[in-house]
Amino acid sequence: MAGEAEFCWKNLYGSVVRVKGILGIGEDQLVVSDLKALSQILSSALQHFPKAEGDVHKQQRKILNPGFGAAGSWAFLAISQACAQSMASKQMEFVDAATLDAIGQGTFDVQLGCLDNLEIPVAKSYQGMMCITILSS
(Lines give C-alpha, C1' and ligand atoms only; values in the text may rest on other atoms or scores of the structure.)
Protein backbone atom coordinates (compact mmCIF):
# COMPACT_ATOMS: atom_id res chain seq x y z
CA MET A 1 0.00 0.00 0.00
CA ALA A 2 1.25 3.49 -0.85
CA GLY A 3 2.69 5.31 2.14
CA GLU A 4 2.82 2.21 4.32
CA ALA A 5 6.56 2.59 5.01
CA GLU A 6 6.13 6.27 5.90
CA PHE A 7 3.35 5.48 8.41
CA CYS A 8 5.57 2.82 9.98
CA TRP A 9 8.47 5.30 10.23
CA LYS A 10 6.17 7.88 11.83
CA ASN A 11 5.03 5.38 14.45
CA LEU A 12 8.60 4.25 15.17
CA TYR A 13 10.59 7.49 14.92
CA GLY A 14 8.17 10.43 15.12
CA SER A 15 6.85 13.06 12.75
CA VAL A 16 10.20 14.05 11.16
CA VAL A 17 12.44 11.31 9.77
CA ARG A 18 15.74 11.61 7.88
CA VAL A 19 15.99 9.07 5.07
CA LYS A 20 19.06 8.17 3.03
CA GLY A 21 18.79 8.83 -0.70
CA ILE A 22 18.27 6.04 -3.21
CA LEU A 23 20.73 3.17 -2.72
CA GLY A 24 22.41 5.15 0.06
CA ILE A 25 24.24 7.39 -2.43
CA GLY A 26 21.69 10.15 -3.00
CA GLU A 27 21.11 13.18 -0.83
CA ASP A 28 19.51 12.69 2.56
CA GLN A 29 15.81 13.58 2.63
CA LEU A 30 13.43 14.62 5.38
CA VAL A 31 10.01 13.02 5.63
CA VAL A 32 7.81 15.49 7.50
CA SER A 33 4.38 14.29 8.62
CA ASP A 34 3.59 17.07 11.12
CA LEU A 35 1.21 19.53 9.42
CA LYS A 36 2.25 22.52 11.54
CA ALA A 37 5.95 21.89 10.88
CA LEU A 38 5.28 21.42 7.17
CA SER A 39 3.27 24.65 7.05
CA GLN A 40 6.08 26.53 8.78
CA ILE A 41 8.73 25.09 6.43
CA LEU A 42 6.76 25.97 3.30
CA SER A 43 5.70 29.46 4.45
CA SER A 44 9.22 30.41 5.53
CA ALA A 45 10.64 29.15 2.22
CA LEU A 46 8.37 31.59 0.33
CA GLN A 47 10.00 34.55 2.07
CA HIS A 48 13.28 33.90 0.23
CA PHE A 49 11.82 34.60 -3.22
CA PRO A 50 11.69 38.17 -4.53
CA LYS A 51 8.17 39.41 -5.31
CA ALA A 52 7.44 41.13 -8.58
CA GLU A 53 5.07 44.07 -8.55
CA GLY A 54 3.45 46.42 -11.02
CA ASP A 55 4.35 46.10 -14.70
CA VAL A 56 6.96 43.40 -14.07
CA HIS A 57 4.33 41.25 -12.33
CA LYS A 58 1.81 41.79 -15.15
CA GLN A 59 4.41 40.83 -17.75
CA GLN A 60 5.41 37.67 -15.85
CA ARG A 61 1.76 36.66 -15.42
CA LYS A 62 1.06 37.23 -19.12
CA ILE A 63 3.99 34.96 -20.03
CA LEU A 64 3.25 32.22 -17.49
CA ASN A 65 -0.57 32.01 -17.54
CA PRO A 66 -0.93 30.02 -20.79
CA GLY A 67 1.14 27.22 -19.28
CA PHE A 68 -1.36 26.81 -16.44
CA GLY A 69 -4.49 26.68 -18.60
CA ALA A 70 -6.20 23.53 -19.86
CA ALA A 71 -4.13 23.26 -23.04
CA GLY A 72 -0.86 23.76 -21.18
CA SER A 73 -1.85 21.21 -18.55
CA TRP A 74 -2.63 18.56 -21.18
CA ALA A 75 0.68 19.22 -22.93
CA PHE A 76 2.52 18.94 -19.64
CA LEU A 77 0.72 15.66 -18.88
CA ALA A 78 2.04 14.12 -22.10
CA ILE A 79 5.57 15.33 -21.34
CA SER A 80 5.37 14.00 -17.77
CA GLN A 81 4.08 10.63 -18.97
CA ALA A 82 6.91 10.33 -21.51
CA CYS A 83 9.52 11.15 -18.84
CA ALA A 84 7.96 8.70 -16.38
CA GLN A 85 7.90 5.96 -19.03
CA SER A 86 11.56 6.57 -19.84
CA MET A 87 12.51 6.48 -16.16
CA ALA A 88 10.48 3.30 -15.57
CA SER A 89 12.15 1.48 -18.45
CA LYS A 90 15.60 2.46 -17.15
CA GLN A 91 14.62 1.35 -13.65
CA MET A 92 13.51 -2.02 -15.01
CA GLU A 93 17.00 -2.58 -16.47
CA PHE A 94 18.40 -2.30 -12.96
CA VAL A 95 15.65 -4.48 -11.49
CA ASP A 96 16.51 -7.15 -14.07
CA ALA A 97 20.22 -6.86 -13.32
CA ALA A 98 19.70 -6.94 -9.54
CA THR A 99 17.43 -9.98 -9.89
CA LEU A 100 20.04 -11.80 -11.96
CA ASP A 101 22.82 -10.93 -9.52
CA ALA A 102 20.71 -12.18 -6.59
CA ILE A 103 19.82 -15.44 -8.38
CA GLY A 104 23.43 -16.01 -9.41
CA GLN A 105 24.82 -15.41 -5.96
CA GLY A 106 22.02 -17.01 -3.95
CA THR A 107 21.49 -20.09 -6.08
CA PHE A 108 24.85 -20.78 -7.71
CA ASP A 109 27.26 -18.81 -5.46
CA VAL A 110 28.44 -16.95 -8.58
CA GLN A 111 29.04 -13.19 -8.83
CA LEU A 112 27.53 -12.31 -12.23
CA GLY A 113 28.20 -8.57 -11.98
CA CYS A 114 25.12 -7.58 -13.98
CA LEU A 115 24.61 -4.38 -11.97
CA ASP A 116 28.19 -3.37 -12.74
CA ASN A 117 27.91 -4.08 -16.46
CA LEU A 118 24.51 -4.20 -18.19
CA GLU A 119 26.23 -5.20 -21.45
CA ILE A 120 27.39 -8.69 -20.42
CA PRO A 121 25.57 -11.41 -22.42
CA VAL A 122 23.59 -12.88 -19.52
CA ALA A 123 22.29 -9.41 -18.56
CA LYS A 124 21.34 -8.58 -22.14
CA SER A 125 19.50 -11.87 -22.64
CA TYR A 126 17.48 -11.35 -19.47
CA GLN A 127 16.72 -7.66 -20.16
CA GLY A 128 13.00 -6.92 -19.99
CA MET A 129 12.09 -10.33 -18.57
CA MET A 130 10.88 -8.95 -15.22
CA CYS A 131 8.74 -6.33 -16.99
CA ILE A 132 7.13 -9.02 -19.16
CA THR A 133 6.54 -11.20 -16.09
CA ILE A 134 4.98 -8.35 -14.08
CA LEU A 135 2.75 -7.18 -16.95
CA SER A 136 1.50 -10.68 -17.79
CA SER A 137 0.50 -11.59 -14.21
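Once whole DSSP H runs in the chain are found, which of them have Cα atoms spread over 27 Å or more along the helix axis and a mean Kyte-Doolittle score of at least -1.0? Present the calculation step by step, with values, prior to reporting the outcome.
Numbers: long enough: 70-108 (55 Å, 0.47).
Helix filter hits for the chain: 70-108.
Given a 1.4 angstrom probe, what's the average accessible area per residue across region 1-113, in square angstrom? Mind dumping the intermediate values first?
Values: 9610 Å² over 113 residues.
Per residue, region 1-113 has 85 Å² of solvent-accessible surface.
For the chain, state the average projected area of the convex hull of the C-alpha atoms over all orientations, rounded to one decimal in nm².
Numbers: hull surface 56.7 nm².
One quarter of the hull surface, i.e. the mean projection, equals 14.2 nm².
Taking a cut-off of 20 Å between Cα atoms, list the aspartates and glutamates near Lys36, but don't count ones fewer than 8 places away on the same chain.
Reachable aspartates and glutamates: Glu6.
Work out which GluC sites (Glu not before Pro) in the chain are exposed loop sites (DSSP not H, G, I, E or B, at most 15 other Cβ within 10 Å) and give the longest gap free of them. Don't skip to the end; give the middle numbers.
Details: sites that count: Glu27, Glu53, Glu119.
Longest stretch, sites excluded: 54-118.
Mind checking which lysines have their Cα closer than 30 Å to the Cα of Lys62? Skip sequence neighbours fewer than 8 apart in that chain.
Lys51
Between Ser39 and Val122, what is 0.36 nm times their sequence separation minus the Cα-Cα distance? Round to one decimal in nm. Show your work: numbers first, answer last.
On the way: separation 83, 0.36 × 83 = 29.88 nm, distance 5.03 nm.
Stretched out fully, the Ser39 to Val122 stretch lengthens by 24.9 nm.
Would you please report the Å³ per residue occupied by the convex hull of the alpha carbon atoms in region 35-99? Kindly include the intermediate steps, with their values, before the conclusion.
Numbers: hull volume 11.6 nm³, N = 65.
Looking at region 35-99, the number lands at 178 Å³ per residue.
May I ask which residue of Val56, Ser39, Ser73 lies farthest towards the positive end of the charge dipole of region 1-105, with charges of +1 (Lys, Arg) and -1 (Asp, Glu) on Cβ and the Cα centre as origin?
Val56
The values are calculated or read from the model by the stated rules, or taken from the named source; none is laboratory data. Source: prediction; values computed, not measured. So basically every Cβ, Gly included, is an ideal-geometry build from the backbone, and we count neighbours across all protein chains shown. In case anyone asks, the SASA skips ligands and DNA or RNA and just uses the protein heavy atoms, side chains included. Shrake-Rupley method; radii C 1.70, N 1.55, O 1.52, S 1.80 Å.
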